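The values are calculated or read from the model by the stated rules, or taken from the named source; none is laboratory data. Values in this document were obtained by computation on a predicted structure and should not be read as measured data. Reconstructed Cβ throughout: ideal geometry from the backbone, glycine too, with neighbour counts over all protein chains shown.
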Amino acid sequence: MLDTRFIGDDLRAGLVVFLVALPLCLGVALASDAPLFSGIISGFVGGMVATAISRSRLGVSGPAAGLAVVVATAVGRLGFEAFLLAVVVAGAIQVVAGFLRAGIIGHYFPSSVIKGMLAGIGLILVLKQIPHAMGYDASWEGEMEFFQADGHNTFSELYYAAMALSPGAIVIAVLSLAVMLLWERPAFKKNPALRLVPGPLVVVAAGVLLNEIYSVIVPAWHRGGNHLVNIPVADSLRGFLAQFTFPDFSQFANPAVYTTAITLAVIASLETLLSVEATDKLDPEKCVTPTDLELKAQGVGNIVAGLIGGIPITQVVVRSAANVDAGGKTRFAVFFHGLLLLLCAAFIPVLLNRIPLSCLAAILLITGYKLARVSLYREMYRLGLWQFVPFLVTVVGLVLTDMLTGIGLGMLVGAFHILLYNYRIDPYREDLGDGKFRIRLSEQMTFLNKASLRRVLAELPDGSAVTIDATATRFLDHDVREVLREFATHAPSVGIDLEWEGLQIEA
């Protein structure tokens, strides 16, 4: 895991991912109606335990926003301790799925849909972080769904933020964005001294310092309460350890535990496989993650998280994208972010609780912009409508619903395009002249070829001589046989003289 050649890059990237992950872990726990510390637990378990098993070079695991509604419902129905048992069982199911090689499912998502997912998540990040940058922190960090529990939606939140502008937050956000953009300039990247200090660390330090200056010079601009990071603070080591919670094993015979576990395992596995595909596309070295092993890693991570009081984990795109953007090189960057979550929550929670959310919003705004860059839309459009339409539908679906629904819509459009393409292609008919035609069947004749074959046969003129050539065919689907049998039955009535090569279909 540790490669000394890249230790500097990984330490800087791990610190950046830690700063991004910290408010997201707390936000997902809050949205899940779980103790805030359970989000921190899942953050460091995902960063340390899952990473130790996984072979994803840059993928970051932790509590996922996509599971928040499911978790909140289950916690309300089962109670938190019984829910933790369901998390343990869900992890075991994922481990078994890994051994059953279920990770192959991840390879069946089209590239256009995966790129649409990345662009959609980037756009959501921008839309969701603008209110935090403006000082409106009513929504929890990491919220991804369009419709919210308070009845608002992504766009209405922008309106409410505009009606409640905070000059102090805006100044911090603008300054933070300026620092982030400066750190992207070649002159800063090439400077040996500046390379040692991650831009986001400067952003956080400047944000904390400026907020403290507000308290002295312009008290009305000072940010406090829910406008800051809010990690639970223990008064002693005993108090810190008391925040860990254990499953209620007396609920082992409760059927609701297993229903919840199956739901969690399926959704968490799908989100993980989608994130793996997306992260591999972001990876500059284009490494391919073993998906079966990733399911096992997530499963072990969920078992450990459930045993000590954490909510479910998945691999997550936002933190993985931040890792890529920060220049992470090996899995040690991810491990280091998890270690920082654990150590900082244990020893310096008071210091972390001084970080304004508006400066963290600036970091996520840059990450979101890079995921949803305008050039990506132009690139997909140049590839043609077969790629652009599923891509765009996925983006819109993610923004207006949630991740899994958006992906599902993109897959449906992609599948429709495949069916339409198979209907419109004409690989079979060969006009030999003098009213003679040869219909060549392809090597694989599946139900996808049924509509186009039926159309080609229907267009043959009455009284013609037709040869159906199946000499190259290795697989002939039952649906295709039915079409050919119907044609053989109908042909004599319109004077078509039918011959067969490579197969025989009786009318």
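Quick notes on this structure:
- For the criterion of being more than 15 Å from residue 55 (Cβ to Cβ) and touching a Lys or Arg at 6+ places or on another chain (Cβ under 9 Å), residue 329 fails.
- Condition check for residue 42: polar (S, T, N, Q) and at pLDDT 95 or above: yes
- Taken over the range 313-357, residues that are of a type in the set (S, T, N, Q) and crowded, with 24+ Cβ neighbours inside 10 Å amount to 4.
- Subset of the range 373-398 (residues that are buried (at least 20 other Cβ atoms within 10 Å of the Cβ) and either among the small types (Gly, Ala, Ser) or under 22 Å from residue 68 (Cβ atoms) (or both)): 394, 395, 397, 398
- When each of 90, 68 is tested for being modelled with pLDDT of 95 or more and either among the charged types (D, E, K, R) or in a helix (DSSP H, G or I) (or both), the lone residue that passes is 90.
- Residue count for the range 227-260 satisfying the condition of being touching a residue at least 24 places away in the same chain (Cβ under 8 Å) and part of a loop (DSSP other than H, G, I, E, B): 14.
- Helices (runs of 4 or more DSSP H) wholly inside the range 143-194 that include at least 3 residues being assigned by TED's automatic domain parsing to the domain that holds residue 26 and at pLDDT 95 or above: 167-184
- Selection status of residue 267, in contact (Cβ under 8 Å) with a residue 24 or more places away in the chain, assigned to a helix (DSSP H, G or I) and farther than 26 Å from residue 200 by Cα: yes
- Residue match in the range 431-441 (condition: surrounded by 13 or more Cβ atoms within 10 Å (Cβ to Cβ), touching a residue at least 60 places away in the same chain (Cβ under 8 Å), outside the structural domain of residue 158 (by TED's automatic domain parsing) and among the small types (Gly, Ala, Ser)): no
- Wholly enclosed helices (runs of 4 or more DSSP H) of the range 339-389 bearing at least 1 residues touching a residue at least 40 places away in the same chain (Cβ under 8 Å) and basic (Lys, Arg): 357-371
- Residues that are at positive phi and in a helix (DSSP H, G or I), drawn from the range 270-290: none
Each row is one residue, and each column tells you yes or no for (1) within 17 Å of residue 74 (Cα to Cα); (2) not in a strand (DSSP E or B).
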| position | (1), (2) |
| --- | --- |
| 262 | yes, yes |
| 292 | no, yes |
| 314 | no, no |
| 323 | no, yes |
